[in-house]
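Values in this text are rule-based calculations from the coordinates and carry no lab data. Nothing here was measured: the structure is a model prediction, and the numbers come from that model. Using ideal geometry, Cβ is built from the backbone for each residue, glycine included, and neighbour counts are taken over all protein chains shown.
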Amino acid sequence: MPTLHAIRSRFPALGAPFAFLDNAGGTQVPRDLIDAVTRTYTHEFGQLGGFYPASELAAATIARAHNTVSTFLNAHDTGHVMLGASSTSLIHLVANAHADALASGDLPRARNRVIVSTIGHEANIHPWMRLASRGFEIVPWHHTITRDSRGDAQATLTAASLAPLLDDRALLVVFPEVSNIIGEVYDAPAITRAAHAVGARTVVDAVASAPHRLPDVAANGHDWYVYSTYKVFGPHAAAMYGSFDAFAPLTGPNHYFIPREKLPYKFELGGFSHESAAAIASLNTYLRFLADANDSTSDRAAMSAAYARIDALERELAAPLLNFLGSRDDVTLYGGAAMNASRVATISFRARKRSSHDIARELTAKGLGIKHGDFYSRRLIESLGMNPDDGVVRISLAHYNEGEEIERVVARLGEALGIR
């Protein structure tokens with residue numbers, strides 16, 4: 001397996017002394033991606049549908065991007081993958097397609113209940129909430145907040161709490177796989193099974209999980225599954241999977257003369273950015289490097305090995321930071337205090353004597369790139385009793401961070417929080 005030094009040398013931005021610790025907002029990109037985009041602009045920049053070489057190369061690039069995402073999600077045999085500008089835009093697209101299908105009779109009018117978890121990023125809440133004006137019954141699915149003797153908080157989402165909301169009117173269950181604030185991992189397969197038991201489908205926001213856990217839509221049976229490629233070492237874009245059955249009643253909004261069955265193109269308005277497609281396809285190259293894969297290793301197997309390496313590195317990184325925060329009686333930690341299978345390396349806290357704004361500003365001035373606020377999970381922040389404008393301090397790690405950076409964070413946090 002490559003050393004951490006070899007991993008970091010793959011990312012040009014990491015050569016600077018600044019520590020990138022806002023990875024849940026967007027990861028850095030490897031040289032593989034930069035080279036792929038350069039090749040596209042230099043040798044493969046043509047319009048689709050032509051017989052000339054640049055056009056054929058551009059078409060191959062788009063196909064490679066779809067194939068890479070399908071392999072990453074393990075989606076080849078179960079559905080289609082569409083590419084778009086952002087997770088927010090893709091979810092809005094699919095939500096609007098459901099509204100059109102209900103109005104046209106392609107969805108049964110008696111099954112119009114959409115159950116929406118309020119614990120996640122607004123990208124997978126608001127597009128569904130706004131369907132209340134288009135014939136849907138929107139049912140908020142509220143999370144449970146628990147606090148320990150220190151006041152540290154967890155917000156949980158379970159299949160058991162979903163059960164009372166489910167009946168034969170349920171069409172969709174909408175929820176995140178991981179909280180982008182507290183890093184808690186929810187049992188998405190169990191929630192999907194509960195939804196399927198009453199004939200409903202699921203819309204899973206995997207933006208906060210895909211950088212840390214290798215997705216598997218085939219094994220887990222998800223119907224819709226979305227993530228942001230720029231949070232998984234890629235370009236500022238997104239990908240969304242839909243199962244064959246989930247796509248079936250919907251009509252994409254692309255031009256009227258494009259057949260409904262031409263998927264995913266019917267949903268990729270105006271086509272997808274060629275340079276972004278090249279960058280997305282390069283993920284496979286980077287993950288094969290991370291896995292130290294040889295020519296006989298399949299791409300999916302290499303991705304699995306790479307993610308095992310990611311998990312091991314991130315657990316080692318997060319442990320000392322969690323230990324430090326857990327030792328402070330002037331800090332409220334959100335999410336689990338131990339780095340295990342129930343959390344990812346997205347760590348949020350709030351100081352009891354200093355604003356999150358001031359802490360984030362002070363540490364950033366010292367070369368530590370962290371942020372504060374509600375991170376578009378405003379409903380969760382408000383349910384935890386906080387002013388969303390100040391919110392939490394979030395330190396989110398990626399496998400390419402190094403122990404020295406965590407030592408600096410702990411030292412600077414100690415200075416910012418002061419003597420107890």
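Mind jotting down a quarter of the surface of the convex hull over the alpha carbons of the chain, in square nanometres, one decimal? Kindly include the intermediate steps, with their values, before the conclusion.
Working: hull surface 83.2 nm².
That works out to 20.8 nm².
Compute the signed sum of charges (Lys and Arg +1, Asp and Glu -1) over the other residues within less than 11 Å, Cβ to Cβ, of Val139.
On the way: positive: Arg113, Arg169; negative: Glu137, Asp167.
Taking every other residue near Val139 into account, the sum is 0.
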query = Each residue of the range 198-209 in turn: what ³J(HN,Hα) in whole Hz from Karplus with 6.51, -1.76, 1.60 and θ = phi - 60°, glycine and Pro shown as x?
reply = 10, x, 8, 10, 10, 10, 9, 8, 10, 4, 8, 9
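What's the local net charge at Arg315, with K and R +1, D and E -1, over the other residues with C-beta under 12 Å away?
Charge balance near Arg315 sits at -1.
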remark   = Candidates Gly26, Gly49, Gly84; GNM for the chain (alpha-carbon contacts under 10 Å) flags as most fluctuating Gly49
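What does the convex hull of the Cα atoms of the range 1-139 come to per residue, in Å³, rounded to a whole number? Walk me through the intermediate numbers first.
Values: hull volume 27.4 nm³, N = 139.
Taking the convex hull of the Cα positions in the range 1-139, it is 197 Å³ per residue.
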inquiry  = What distance in nm lies between label points placed 7 Å from Cα along the C-beta direction at Glu407 and Thr156?
reply    = 3.8 nm
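Dipole magnitude of the range 61-207 about its Cα centre, charges +1 at Lys/Arg Cβ and -1 at Asp/Glu Cβ only, in debye to the nearest 20?
Details: 11 positive and 13 negative charges, 55 e Å.
So the magnitude is around 260 debye.
How about the range 358-419: which trypsin sites (Lys or Arg not before Pro) there lie in a loop by DSSP and see at most 16 other Cβ atoms within 10 Å? Write down the numbers at each step before the final one.
Values: sites: Arg361, Lys366, Lys371, Arg378, Arg379, Arg394, Arg408, Arg412; in loops: Lys366.
In loop regions of the range 358-419 (DSSP not H, G, I, E or B), the sparsely surrounded trypsin sites (Lys or Arg not before Pro) are Lys366.
Test of understanding: what is the full-extension gain from Arg352 to Arg130, defined as 0.36 nm times their sequence separation minus their Cα-Cα distance?
Difference between extended and current length: 76.3 nm.
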query = How long is the gain from Ala341 to Arg31 if the chain were fully straight, where each residue apart is worth 0.36 nm and the alpha carbon distance is subtracted?
reply = 108.6 nm
remark   = Here the relative contact order (percent) of the chain, from C-alpha pairs under 8 Å and at least 6 apart, is 22 percent
query = So for the chain, taking the charge dipole from beta-carbon charges (+1 Lys/Arg, -1 Asp/Glu), which of Ala58, Ile138, Ala351 sits furthest toward the positive end?
reply = Ala351
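Would you mind counting up the charge near Leu90? Only other residues with Cβ under 12 Å from its Cβ, with Lys and Arg at +1 and Asp and Glu at -1.
Numbers: positive: none; negative: Asp205, Glu268.
After counting each charged neighbour, the total is -2.
Evaluate Rg over Rh across the range 245-397, taking Cα atoms for both radii and Kirkwood's formula for Rh.
Values: Rg = 21.6 Å, Rh = 19.5 Å.
Answer for the range 245-397: 1.11.
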key: Gaussian network model of the chain, springs between alpha carbon atoms under 10 Å - residue of Ser276, Ser228, Ser89 with greatest fluctuation   = Ser89
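Using DSSP to call loops (not H, G, I, E or B), can you name the chymotrypsin sites (Phe, Trp or Tyr not before Pro) in the range 122-201 whose Cβ has at most 16 other Cβ atoms within 10 angstrom?
Values: sites: Trp128, Phe136, Trp141, Tyr186; in loops: Phe136, Tyr186.
Sparse-neighbourhood loop chymotrypsin sites (Phe, Trp or Tyr not before Pro): none present.
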task = Give the span of the range 76-272's Cα atoms along each principal axis, as three whole-Å numbers ordered largest to smallest.
result = 62, 42, 30
request  = Return the single residue from Ser86, Ser133, Ser70 with maximal mean-square fluctuation; model: Gaussian network over the chain, springs between Cα atoms under 10 Å.
outcome  = Ser133
query = How far is it, in nm, from the label point at Ser149 to the one at Ala301 when both lie 7 Å from their Cα along the line to the Cβ?
reply = 5.0 nm
ask   = What list of ³J(HN,Hα) values in whole Hz, one per residue of the range 76-86 in order, does the Karplus curve 6.51 cos²θ - 1.76 cosθ + 1.60 (θ = phi - 60°) give from phi, with Gly and Pro shown as x?
value = 4, 9, 10, x, 10, 10, 10, 10, x, 6, 6
Amide N proximity, the range 351-384 versus His236 label position 7 Å along Cα-to-Cβ, cut-off under 17 Å = 376
Spatially proximal lysines relative to Lys353 (Cα-Cα < 19 Å; intrachain offsets below 8 disregarded) = Lys371
remark   = Bounding extents of the range 298-343 in its principal axis frame from Cα atoms, largest first in Å, are 49, 15, 10
request  = Report, ordered by chain and residue number, the aspartates and glutamates lying within cross-link reach of Lys231, taken as a straight Cα distance under 14 Å and ignoring same-chain residues fewer than 8 apart.
outcome  = Asp22, Asp205
Relative contact order %, the range 76-272, counting alpha carbon pairs below 8 Å whose residues are six or more apart = 26 percent
ask   = Given +1 on the Cβ of Lys and Arg, -1 on the Cβ of Asp and Glu, and no further charges, what dipole in debye does the chain carry about its Cα centre, rounded to the nearest 20?
value = 580 debye
remark   = Amide H contacts under 5 Å for Trp141, restricted to residues at least 5 apart in sequence or on another chain and with H modeled in the peptide plane, are Val116, Ser117, Thr118
